[in-house]
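The values are calculated or read from the model by the stated rules, or taken from the named source; none is laboratory data. Since we're looking at a predicted model, the values are computed, not measured. Note that we place each Cβ from the backbone using ideal geometry, even for glycine, and neighbour counts take in every protein chain shown.
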Amino acid sequence: MGNRVYRKVLFWREALRLERYVVQVVAVDPMQVTNENGNAGAALVGGMVDGEIVRIYTTRRLKEDDIIHELLHFRYPQESEEEVRRMTEEMLISRNSIYMGSGMKERF
Ligand SMILES: [Zn+2]
């Protein structure tokens, strides 16, 4: 995982109070992913939990909203996909005030 992606993962892990979990990003070859018709080369971003390890599997470079989205699914497993999308938007919008508030602005 690239350094910039990793810094974002660490930031959001802390912002969402998931410090006790290890978050790993696992690159997946798109040719190993099939779509609903069984054709290889599909895109994938998905999270899986294994004890205290959260793994985000992805066929492409993660964007910040991917990271927030997957961590929110883990943090709030009861929330619907729609609600997680809404929360992701909200967190992206409030990101600047989070940085200012926690003094973490320098990390980015
Ligand atoms: Zn989702």
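For segment 3-26, which residues satisfy the criterion of being over 14 Å from Val54 (Cα atoms) and surrounded by 11 or more Cβ atoms within 10 Å (Cβ to Cβ)?
Arg4, Val5, Arg7, Lys8, Phe11, Ala15
Are any residues in segment 58-69 among the acidic types (Asp, Glu) and either within 13 Å of the ligand (Cβ to nearest atom) or surrounded by fewer than 14 Cβ atoms within 10 Å (Cβ to Cβ) (or both), and if so, which ones?
The answer is Asp65, Asp66.
Is it the case that segment 5-20 has a residue that's in contact with a Ser or Thr (Cβ under 6 Å, 6 or more places away or on another chain), touching a residue at least 24 places away in the same chain (Cβ under 8 Å) and part of a loop (DSSP other than H, G, I, E, B)?
There is no residue in segment 5-20 that is in contact with a Ser or Thr (Cβ under 6 Å, 6 or more places away or on another chain), touching a residue at least 24 places away in the same chain (Cβ under 8 Å) and part of a loop (DSSP other than H, G, I, E, B).
For the subset of segment 56-97 comprising residues that are of a type in the set (A, V, I, L, M) and under 15 Å from Arg7 (Cα atoms), which member is modelled with the lowest pLDDT?
Per the stated criteria, the residue is Leu62.
Please go through segment 32-54 and pick out each residue that is within 16 Å of the ligand (Cβ to nearest atom) and within 19 Å of Arg17 (Cβ to Cβ).
Gly47, Val49, Val54
In segment 70-93, what count of residues is obtained for those that are aliphatic (A, V, I, L, M), more than 9 Å from the ligand (Cβ to nearest atom) and touching a residue at least 12 places away in the same chain (Cβ under 8 Å)?
So the count comes out to 4.
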